[in-house]
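Take a look at the structure set out below.
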Amino acid sequence: MRKIICAGIFLLLTTVFVSCKKQVIYPVTPGSLDFAELDKLLNDSVPTAFNGKCFAVVHVNGETVYAKGWGGYEVNTKQLIASCSKWLSAAVLMSLVDEGKLKLEDSVGKHLPIFTTYGKGGITIAQLFSHTSGFPGNSTQGYESNPLITMAQAADLIAKNVALINPPGTQFLYGGVSMQVAGRVCEVASGKSWNTLLAEKITAPCGMTNTDFGLTANPIIGGGARSTPYDYILLLDMMMRKGLTANGTRVLSESAVTAMEKSYTTGVGTTYSPLPVSLFNSSGFYGIGNWRDLTTTADVLIENSSPGAFGSHPWINRGKKVTGFIFTYIPVNGYISTLSTCIKARTIVRTVVL
């Protein structure tokens with residue numbers, strides 16, 4: 001009897017353990033789309049490239065057509081999303097452009113005079129948010145990610161101590177320093193903290209109840225957000241609809257979304273890009289907080305994205321009304337591990353959704 005009981009307990013525990021590792025499939029809108037190839041790709045890739053943990057969701061016109069989780073990841077799993085934050089932060093910035101609080105053409109010195117004092121006042125807000133400001137990608141001092149100082153202090157220290165390595169507007173150099181300065185510009189222009197702006201302008205009207213930049217007074221504008229697959233795809237859906245939520249709430253103007261998606265790197269050299277330049281059809285590969293990584297040869301946008309260092313990968317294809325998010329958390333070299341799979345997944349979705 002004892003052996004039978006022990007065997008039963010073992011079987012129960014084994015069943016529970018295995019069930020936790022199983023692929024989780026979520027309800028989707030009924031339709032005729034065949035994602036068998038996407039299933040195979042992810043089933044083959046997730047155990048290795050994603051360390052066994054992933055949630056993938058695809059919407060067409062705001063409706064869920066694909067949603068599956070692996071390794072216990074669910075639609076409301078919350079993780080740091082690294083540079084996926086840049087798209088979210090860009091939306092905050094553009095909400096203030098809509099309100100007339102600032103312009104993309106404004107100089108940083110107009111809002112933060114200390115930058116003029118130290119000879120950096122002519123950098124524009126657009127350059128700060130398109131990695132063409134002339135600043136290094138990240139500062140050696142780590143001001144942009146220091147949780148022990150405020151964003152105001154970080155901006156002042158960047159103005160004083162972080163030298164430009166290129167003339168503004170001449171080179172693309174991906175990183176977080178310039179976006180941290182832009183975040184402080186947003187605070188000064190609005191008179192509100194970054195976290196308050198995020199909640200009021202983006203997350204609340206989009207219905208994103210589980211997205212934030214933590215409790216620090218120096219939130220990392222270019223990479224410090226935490227979110228979930230469900231929350232983040234609401235942001236993507238809003239931008240796919242040119243600023244409208246599903247219930248018709250206007251979050252951003254159409255012109256603001258258009259401005260986010262235009263090229264700010266055409267004719268600019270590349271000092272550093274984490275994405276291979278060979279992926280792009282032109283030098284116009286970056287907008288405001290998002291990659292224009294699939295364009296026509298005439299530089300017309302087809303898909304844009306904002307993948308993060310921890311492996312998560314969101315994208316929009318407005319022509320097909322597609323939004324997608326492959327969500328994971330791999331703290332070391334995540335984007336290197338997952339990029340190939342994510343690019344293949346996007347190709348499959350473009351083929352399936354006509």
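The values are calculated or read from the model by the stated rules, or taken from the named source; none is laboratory data. In this text the structure is predicted, and so the values were computed from the model without any measurement. Ideal geometry is used to build each Cβ from the backbone, glycine not excepted, and the neighbour counts take in all protein chains shown.
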With the condition kept exactly as written, say whether any residue in the range 14-27 is modelled with pLDDT of 65 or more, assigned to a loop (DSSP other than H, G, I, E, B) and either under 26 Å from the mean Cα position of the chain (by Cα) or at positive phi (or both).
yes
When you look at residue 182, is it closer than 24 Å to residue 293 by Cα and touching a helix residue (DSSP H, G or I) at 6+ places or on another chain (Cβ under 8 Å), yes or no?
yes
The residue from 92, 58, 97, 75 that alone is modelled with pLDDT of 95 or more, under 24 Å from the mean Cα position of the chain (by Cα), within 28 Å of residue 352 (Cα to Cα) and crowded, with 19+ Cβ neighbours inside 10 Å is 58
So which residues in the range 235-282 are closer than 23 Å to residue 97 by Cβ and hydroxyl-bearing (Ser, Thr, Tyr)?
245, 249, 253, 255, 258, 263, 264, 265, 266
Hits in the range 281-291 - residues which are at pLDDT 90 or above and either touching a helix residue (DSSP H, G or I) at 6+ places or on another chain (Cβ under 8 Å) or not hydroxyl-bearing (Ser, Thr, Tyr) (or both)
284, 285, 287, 288, 289, 290, 291
Quick one: in the range 282-320, which of the residues that are surrounded by fewer than 22 Cβ atoms within 10 Å (Cβ to Cβ) and aliphatic (A, V, I, L, M) is farthest from residue 255 (Cα to Cα)?
309
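Matching residues to (1) among the charged types (D, E, K, R); (2) surrounded by fewer than 19 Cβ atoms within 10 Å (Cβ to Cβ); (3) part of a loop (DSSP other than H, G, I, E, B):
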position: 204; (1), (2), (3): no, yes, no
position: 208; (1), (2), (3): no, no, yes
position: 218; (1), (2), (3): no, no, yes
position: 223; (1), (2), (3): no, no, yes
position: 232; (1), (2), (3): no, no, no
position: 238; (1), (2), (3): no, no, no
position: 260; (1), (2), (3): no, no, no
position: 265; (1), (2), (3): no, no, yes
position: 278; (1), (2), (3): no, yes, no
Within the set of pairs 6 or more residues apart or between chains, which connect a residue that is touching a residue at least 40 places away in the same chain (Cβ under 8 Å) inside the range 321-332 to a residue that is of a type in the set (Lys, Arg) with Cβ atoms less than 6 Å apart?
328/53
Could you grab me the full set of residues in the range 178-208 that are within 28 Å of residue 164 (Cβ to Cβ), hydroxyl-bearing (Ser, Thr, Tyr) and under 19 Å from the mean Cα position of the chain (by Cα)?
178
If you scan the range 196-253, which residues turn out to be touching a residue at least 24 places away in the same chain (Cβ under 8 Å), among the acidic types (Asp, Glu) and touching a Lys or Arg at 6+ places or on another chain (Cβ under 9 Å)?
231
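Where in the range 103-195 are there helices (runs of 4 or more DSSP H), lying wholly inside it, with at least 3 residues that are free of Cβ contacts under 8 Å to residues at least 40 places away in the same chain and over 22 Å from residue 264 (Cβ atoms)? Walk me through it before giving the result.
Working: elements: 108-111, 113-117, 125-129, 151-161, 177-190.
By residue number, 151-161.
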Assuming residue 304 fulfils every condition listed in (1) without any contact (Cβ under 8 Å) to a residue 24 or more places away in the chain; (2) not in a loop (DSSP other than H, G, I, E, B) apart from one, which condition is it?
(1)
